[in-house]
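Working notes, beginning with the structure itself.
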2 protein chains.
Amino acid sequence: MKKISVSVLTTALGCALAAQPVQYVNPFIGSDGMGHTFPGACVPFGGIQLSPDTDTIPHNVEGRYQNRVYDYCAGYRHSDGTIVGFSHRHLSGTGHSDLGDILLMPTTGEVKLVPGTKDCPESGYRSRFNHESETASPGSYEVTLDDYGIRAELTATQRVGVHRYTYPAGEAQNIILDLGHGIYGYDGKVRWSTLRVENDTLLTGFRLTNGWSRTNYTYFAISFSKPIRDYGCKDRKKSLYSGFWRRFDIEHNFPDMAGRDLAAWFTFDAGEPVTVKVAISAVDASGAVRNLEAEAAGSFEEIASSAEAAWNSRLGRFTVEGTEAEKTMFYTSLYHTLINPSVYMDVDGRYRGVDGNIHEAKGFTNYTVFSLWDTYRAEHPFLGVFFPSENADMIRSMVAHYQQSAVGMLPVWSLMGNEGWCMSGYHAVPVIADAIVNGTYSDNGEALEAMVATSRVGFYEGVAEYMAKGYVPYDVSDTGASTTLEYSYDDWAIYAAAVKAGREDLAAEYKKRAQNYRNLYDPSIGYARPRYSDGSFKKDFDIDQTYGEGFIEGNSRNFSFHVPQDVAGLIPLMGGEKAFLKKLEDLFAMDLDPKYYADNEDIEKECLVGGYVHGNEPSHHVPYLFAWTSKPWLTQYWVREIINRMYREGIDGLGGNDDCGQMSAWYLFSAMGFYPVCPGSGQYVIGAPYLPYIKIELASGKTLEIKADGVSDKNRYVKSLKINGRLLNRLYVNYDEIMDGGIWEFEMSSRPSKTKNMNKPYSLTIQK
Amino acid sequence: MKKISVSVLTTALGCALAAQPVQYVNPFIGSDGMGHTFPGACVPFGGIQLSPDTDTIPHNVEGRYQNRVYDYCAGYRHSDGTIVGFSHRHLSGTGHSDLGDILLMPTTGEVKLVPGTKDCPESGYRSRFNHESETASPGSYEVTLDDYGIRAELTATQRVGVHRYTYPAGEAQNIILDLGHGIYGYDGKVRWSTLRVENDTLLTGFRLTNGWSRTNYTYFAISFSKPIRDYGCKDRKKSLYSGFWRRFDIEHNFPDMAGRDLAAWFTFDAGEPVTVKVAISAVDASGAVRNLEAEAAGSFEEIASSAEAAWNSRLGRFTVEGTEAEKTMFYTSLYHTLINPSVYMDVDGRYRGVDGNIHEAKGFTNYTVFSLWDTYRAEHPFLGVFFPSENADMIRSMVAHYQQSAVGMLPVWSLMGNEGWCMSGYHAVPVIADAIVNGTYSDNGEALEAMVATSRVGFYEGVAEYMAKGYVPYDVSDTGASTTLEYSYDDWAIYAAAVKAGREDLAAEYKKRAQNYRNLYDPSIGYARPRYSDGSFKKDFDIDQTYGEGFIEGNSRNFSFHVPQDVAGLIPLMGGEKAFLKKLEDLFAMDLDPKYYADNEDIEKECLVGGYVHGNEPSHHVPYLFAWTSKPWLTQYWVREIINRMYREGIDGLGGNDDCGQMSAWYLFSAMGFYPVCPGSGQYVIGAPYLPYIKIELASGKTLEIKADGVSDKNRYVKSLKINGRLLNRLYVNYDEIMDGGIWEFEMSSRPSKTKNMNKPYSLTIQK
C-alpha cells in the first residue's frame, strides 16, 4: 500500500507549510486482519462514510452466517483485488455488519447490472484495482478502477457523499446505481426500493432494509454534474404487477422506478468528469434534497478541502512528538475515535426516532451508532473529556431514544434509528453517569429517570431475576455471569449519578445493586462462575473457555476482573491481595491453549497477550488493576506491551475490531498515560505515557501538556508525576486536574518505582 | 340473506319516524357474481372501508393470477361460508385487487396465528358464519362468528374503523391482528411491518406493501376499550438477525415487534365487549394517533349513529318513488357512487404524494382511488352535477398528483398515493374538462397545463406515434386501436377546456387531435380496425373478438362507437346513417357466439345485451347514440332493457364490476332520464326516466323534480318533456338546465314518439 494522501501532495507543492495532522492518518490501518475499519471518506462524526466495498458476501439460505460475512463488516478488505463500487454508509470497526447503502459504480462499455464475482470480475460491473493507485486521507479517498481506466475520487460532508469519476478520454460514461447492494446483504435484506429521475441531473429515491438495523429507511437525492444521456433499470427480483409494463418500457428512460432488487444505469456523454453528490436522509426524499442543497454547493475540490479542514481542526487539537510511525498510530487512532457515533439528522433538525416517527431535535444534534458495550469503557469517556459538547449531544440522543423506545430503555446498540440489541448490559448508563459526574452533561432529571427505568425492565435479559436474586441465573441466560457483572457496574453508575443529583433514595438502592457482583464468585476457585436459579454453581466449569460457560466475549479468567467500581471489594473474593495479584500477573504471562480460540472468530492469536484478550473489550481496564495491588508498575509494563503488540502501523495493524473507536480510545488514553478504569468515578488511573510529548488544546481553551522525556520500551516505568510542579502521591488523576490543563511531567525510568503509600484509586466499598 | 339493518330496527322502535334512505340500501348487492362490492362499513368517500374478508387467495409461484383472485377484489364473496377477519381498506367494485389492510379477528380458546382454510376453518383463526346472522347498512355491518359465538359489529369514520366484539360470557377474549393479510396477497406483498405496544390499550405500527399500489405505506393506531392482559406475535417468515432473541422472548409480551409476515395476538379478560378503534394514516404513526383522537372519541353507538347520519344526509338529497325493490336499487346505486374516490389525508391535512413525500393539502381534501378509465364516463360527471365540491377537490387531488408525478402525468389509476397504470388513456382530462366547462372547478391554469402536459408524454403507450401519425400503431401497442379512440376523445376534452379558457392556440391543436379517431375506420367494414405503423390495417380481423384485436375490454363492434365527441363525424365512417343505425340496432339485438366470452373473466353472459357488453365500460354511452339517428326512441327502449337485466336486487345483482361507482352512476343518470354521453360538452342526452318521480336537492340549494307519471316497462317511451312548463325540442338538456332545478315533466307512452326536427346533441364537426 502506497500512502500518498491529497494533503501530502498539497504540502509538497507548498513546502513552507507545517505538516498537517491529517498527513499522519493512515485510514488503511485496520482495513485487513481484525480491525474492520474502512478506508473511505467521511468527516468527524459524519452521517456519510463513503467507501469502496470489495465484496458482498450473502448469507446462506439457512440464515446462518457464512464465515466470510464477519470479515466484511466494513465492506472493504485490503487483501481483495476487486472493488464492487462505492457505498455511503459504513460502520467503523464493528464485529457485526450492516449498511453499505446506495452503491455507485462508474464503468465504461457494456452496461452490466450484476456485481460479478471476485474470480471473474468481467461477469459484472466490478473492477480490478491496484493498491499502487489507491490513496486515502481523512475526508478523501482515490483509486483507479483498472478494468475501466476510471479514476474515482471520493469526499464527504456530514450528509453528502461526493464522487468524481474521470473516465478515459472519448469513452461513453456509465454509472451503475445498485439499490440491492448491501453489507450483511443476505437475500431479502432490501425490502423495497424506489428511484425517481426528477430531471436530467437529479435523482431521488428510497430503500427500506431489514438488516441488523431492523427497519432502516434510507432516502437519498443524487445530483450529477452533467446531464444524463440515457438510463434504465432492472428489478432483479421482478415484482408481480404488470400494469406498468403494459403502458411503458419501464426498463428504459422510465423515470419512476421501484423494486425489490433494483439496479439502475445512467450514461453520460464522453468528455469531462462526472461529479456525483449523494445526500442521505432517514426522514424523506425532500430531506435528502435539502441536505444536498445545504451542504454540497461547492466543487469537488472545495468539498474535499472542507472535509480535510474539518479533520485538521479536530486532530490538530493534539500535538505529539514521536517517530513517524508513532505519530501515524496516534493520529490514526484519534481519527478512528471521531468516526462513530454518527450524525443521524437532517439539516433541518428532523430525524427518524426509534419509534419510527419523525422527530425534531430541539437544541441538539441527534446521533446514532452507539456500540455501547464497547464504547462505555474508553470511547465515550475520551469524547467526554476532549469533545464534551458532542458527547453531551450523544447523551441527549440516548435520552430521546429512551423516550421513544417501546421497551422503555436507553440504547443498547443504537443503529440508524433502531435498537440492535447486540451484546449485553445497559451501558448507556455509565456513559451518562460519567458525563453527569464530570459535569459535562447537565441533567434536568430526564437522564436519571431514563437510567433508573432502563435498569428495571424486568423482561430484558434476566433483569427480573437479577433484581430478585442479585444475579442472572445461568438457566435464565447462558451469559448470565458476565451479564451480572455488567449490570452490577451499570448499577454503580446509577448510584454515582444519584449521589450527584442528591437522590439519596436511589443512591442507597443502587449502591446495593452495585454489589451484586459478589454473588458470583466461587470461593473454591476465586473466579466468577455462573450460578443456577437454585443458587448452585455451574458444574464442569472451565475458566478459560469463552463460550458456553456463562460469559460473553470473554472467559472467566478475564471477565472475573470486571468489577471496575469496586476492585478493593473484589480482591478478597478472588483470594485476597496475593492471590489476586498472582491471577492478574498470570493472566498476562500465561500461555493460552490454542484450543480456546481456534474456532472463535473474535479471537486470534494476535489479539492475545498471554491469556489477556485485547481484541474483545471486557478486559480493557484489566492492565490498570495493578494500581490496586502492591505492584502498580506492572500496569506500566503491560500497557506498553499491549500497545506494541496490538497497535501496529499496517493494514492489519489492529489487534481486534476497532469497535467504533473503543480500541483506538484505549490507545489514546494509554498513550497519554491515564485510563478511565471506572467511568463515573471522576478518576483516571495512571499508567505511563507512550510518547515523550503530547499537547492537547482542551475544549475549555486551556492547554494540557504531557511530558515524558526519554520514554521508551526500556524507560517504560514512571518514577514520578508532577502536575504543574506538584508531585502526585496518587495512582490516579481527577477529571478536574485534566481540565485545569497545565504541564504534567512524567519522570520515566528503566526500573519500576516502588514508592510506598501512593493513594489507590476509587473502590465502592472502601469509600465513606 | 336476511337484510335487517340497524336503522330498520331503530325505525321499528320509533315507528312514527319517516323511513330513512339508508334503509333502502342493501350493501350486499354486488357482493357475489360480478359486482365486486363489499358489504362492510364506511362513510361517504371515507378512507376506511371496514369489511369482512372471506378469503385470501394467493398468487401461485409463477406470479400469474390464479383465477380466483379476480373474485376477491373486494375481499368478500357472499357465497363463502367462512370469515377470515375484518380488514380496513377495500376497493368498491374494481376488476383488479389490492388492500385488505390491517386485519383483526376476534376468537376464543386456543390462539391460532394462521388464517386456516375454507375447508378446514379449525386449522386457523377463521370462523364459519351464517347469513342469517349478518346485517349491513351504510356505515354498519354485523355478523356472528359461529365457531366462537362472537358477535362482531363494525362501523367507521373517515379515518377510523371501529369494531365491537361481544364474546360469550365467561370466555377469555382473543383478538388476532394479522399484518401479513392482504387482498391480492401474494407471497411477499407485505414487504415489512412493525407493531408497537405503546401502553395496555394502544398499539401503533406500520406496514409497507407492494401490491397493485406499488409502494403502499399503511401506518395505524389501534386502541382497545379494555386493557390487554397478555400478548405475543409470530413472524411467520422469521427475519434473520437474532440479537433480539438473545435478550428477550420476543414472541411474548415484547412491545416492539416487526417482521415480514407478522401475526400478533392479544388477550383480554372475560366480561364486557371489546371496542377496538383502528385509525389509518399513510403519513406516519403519529398521524394515525391524531386521526384516532380527532374522529373516534365517542362510543360505538355514537360513531355508528354519526356514520348513518352522514349517509342519510347524502342519500337524503334524493327522494324517489317506486317499488321497494326500485328504491333499493336506486339508493344502493347512490351508495355505491359515494364510496370511491376515498379520502387520503390525515386530519391535519398531511398526505403522502405520488412522489412518496409528505405534502399538506392546502384548501382542499386529498382523495385517492381514481379508476378513471371507468369513472370519467358517468361517475365523475354524476359527482360533478350532484356533489360538485367533492368532485372539485378530487380534481385538485389529480392536479397535485400531476405536480408530484415523475412521469409528468395526471392520474391514470390513482391508488393509495401510487399510480397503478391500469387500463389506458388519460381520462383525468375529460373529468377536469367536464368540471371546467360546467364551471364547477375554477382553473387557475394549472389544470389545463396538466392536461396538455399529460397528453404529450411521448413514452406513454404510443403517444409519440399517435402525435406523429394520428393513431397508435398496432405494432407499438397491442391495444392501439382502442387507445387511439380514447386519446382522441381525451384530446377533444382538452379542446373544450382550452376553448373555455380562451386558449385559441391549444383549442386549434386539440381540435385537430380530437379527430384522430378518423384514422382507424376501415371503409371495407365500417368499423374501427387496428393499423400498423406502415398504415396498413391488421389482417384476419374479427370485430367480435375482445382480446388480441387491438382493443381493450371491448371488441370493435362495441368500441367503434367510442367517439362521443363527434358522433355526427363518426356516422359516415361507419357507412352513413342507415348503416350506422343498423350496426347500432344489431349490436343490441344480435346473438353473440359464446366463444367470444367463454374464457374471458370480464364478460359473462349476464353482462350482455345482445352483443352489447354492459359489464365493461367502453359501451356505456352507446345506448344513447340513437339520439343522433332517426330512431332516438331506441335509446328509451334499450336503456330500460339494460336496467332490467343488469341491475337486479340481489347479491349477484350487478351485471359487471361496479368499478368504483361507474356502473351505479350509469344507473342513476339513466333512471333520472338523461346521460352524459360526452362529458365536457355540457350536454346530457335524454333517455327516459325509469322511476315515476325523483326529487333532488341540488348543491346550490335549488330542487329538481323529475316526473314521469305512469312510466313502466310498457310505457317506456317519452312522448314529450316539459322543463318548467316549456316543451323541449331537443334530444338533450344542458348542464344549466339541471342546475336551475324546477320541474321536469316527462310524458310517457307505450309507443315511440316519432316527432321530427328534434335538435340532436353535440358533435364536434358539425359545430361552428
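So the values come out like this:
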| read-out | value |
| --- | --- |
| Given charges at beta-carbon only (K, R positive; D, E negative), |dipole| of chain B in Debye | 1560 debye |
| In the range A:604-676, the chymotrypsin sites (Phe, Trp or Tyr not before Pro) that fall in loop regions by DSSP, at most 12 other Cβ within 10 Å | none |
| D (Stokes-Einstein, µm²/s), Kirkwood Cα radius, chain B, 0.692 mPa s at 37 °C | 123 µm²/s |
| Share, in percent, of DSSP beta bridges within the protein assembly as shown that are antiparallel, nearest 5 | 95 percent |
| Largest-first ellipsoid semi-axes for the range B:45-313, taking √(5λ) over the Cα gyration tensor eigenvalues, angstrom | 24, 23, 20 |
| Shielding by other protein chains, A:684-690, mean Cβ within 10 Å | 0 |
| Entries of B:469/B:500; B:719/B:760; B:582/B:714 with Cα pairs more than 19 Å apart | B:469/B:500; B:582/B:714 |
| Average beta carbon contacts from partner chains per residue of B:450-461, 10 Å cutoff | 1 |
| Protection proxy ranking, peptides B:586-597, A:97-108, average beta carbon neighbours within 10 Å, highest first | A:97-108, B:586-597 |
| Eligible lysines near residue B:118 by straight Cα distance, threshold 29 Å, same-chain separation 8 or greater | B:2, B:3, B:189, B:234, B:237, B:238, B:277, B:605 |
| Stretch gain in nm, segment residue A:236-residue A:309, where the contour uses 0.36 nm per residue and the Cα spacing is subtracted | 22.1 nm |
| Rg/Rh for the range B:33-145, where both radii come from Cα atoms and Rh is the Kirkwood radius | 0.95 |
| Rough spin-label spacing in nm, given labels placed 7 Å along Cα→Cβ, for residue B:453 and residue A:544 | 7.4 nm |
| Length-normalised contact order of the range B:174-327 in % [C-alpha pairs under 8 Å, at least 6 apart] | 25 percent |
| Helical contribution to [θ] at 222 nm, DSSP H n ≥ 4, -39,500 (n - 2.57), averaged over the protein assembly as shown, rounded to 500 | -8000 deg cm²/dmol |
| Lys, Arg +1 and Asp, Glu -1 on Cβ, resulting dipole of the protein assembly as shown about Cα centre, debye, nearest 20 | 1200 debye |
| Cα gyration tensor, the range A:82-230 - rounded (a/c under 1.5), prolate or oblate | rounded |
| log₁₀ of I(q)/I(0) at q = 0.12, 0.24 Å⁻¹ - the range A:206-270, Debye sum with one point per alpha carbon | -0.40, -1.13 |
| Accessible area of residue A:711 in the full protein assembly, 1.4 Å probe (Å², nearest 10) | 20 Å² |
| Relative contact order of the range B:45-313, pairs being alpha-carbon contacts under 8 Å that are 6 or more residues apart, as % | 19 percent |
| Local electrostatic count, residue A:303, Cβ distance below 15 Å [Lys/Arg +1, Asp/Glu -1] | -4 |
| Whole-Hz ³J(HN,Hα) from phi, Karplus 6.51 cos²θ - 1.76 cosθ + 1.60, for the range B:215-230, glycine and proline x | 10, 10, 8, 10, 8, 8, 9, 10, 10, 10, 7, 9, x, 5, 8, 7 |
| Highest to lowest packing among A:654-662, A:200-208, A:163-171, scored as the average C-beta count within 10 Å | A:654-662, A:200-208, A:163-171 |
| 10 Å binning of all Cα-Cα separations within the protein assembly as shown, expressed as whole percents from 0 upward | 1, 8, 14, 18, 16, 14, 11, 8, 5, 3, 1, 0, 0 |
| Label point distance in nm, residue A:478-residue A:766, each placed 7 Å from Cα along Cα→Cβ | 3.9 nm |
| Computed over chain A: relative contact order in percent, which uses C-alpha pairs under 8 Å that are six or more apart | 12 percent |
| Dipole axis of the range A:45-313 (+1 Lys, Arg; -1 Asp, Glu on Cβ), positive-most option in A:70, A:267, A:303 | A:70 |
| Inter-label distance for residue A:226 and residue A:293, nm, one decimal - labels placed 7 Å from Cα along Cα-to-Cβ | 2.7 nm |
| Peptide B:404-410 - average C-beta neighbours from other chains (10 Å radius) | 4 |
| Phi to ³J(HN,Hα) by Karplus 6.51 cos²θ - 1.76 cosθ + 1.60 over the range B:749-754, Hz, x for Gly, Pro | 8, 8, 10, x, 8, 9 |
| The range B:576-768 - Rg (one decimal) and Dmax (whole number), Cα, Å | 16.8, 52 |
| Using a Förster distance of 30 Å, the FRET efficiency for residue A:525-residue A:604 (Cβ separation, nearest 0.05) | 0.65 |
| Counted charge near residue B:229, where neighbours are those whose Cβ lies closer than 11 Å (Asp, Glu -1; Lys, Arg +1) | -2 |
| Listed peptides B:459-465, B:731-737 by packing density, highest first (mean Cβ within 10 Å) | B:459-465, B:731-737 |
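The values are calculated or read from the model by the stated rules, or taken from the named source; none is laboratory data. Predicted, not measured: the structure shown is a model, and the values here were computed from it. Heads up, the Cβs are rebuilt from the backbone with ideal geometry, glycines too, and the neighbour counts pull from every protein chain shown. Accessible surface areas use protein heavy atoms only, side chains included; no ligands, DNA or RNA. Shrake-Rupley method; radii C 1.70, N 1.55, O 1.52, S 1.80 Å.
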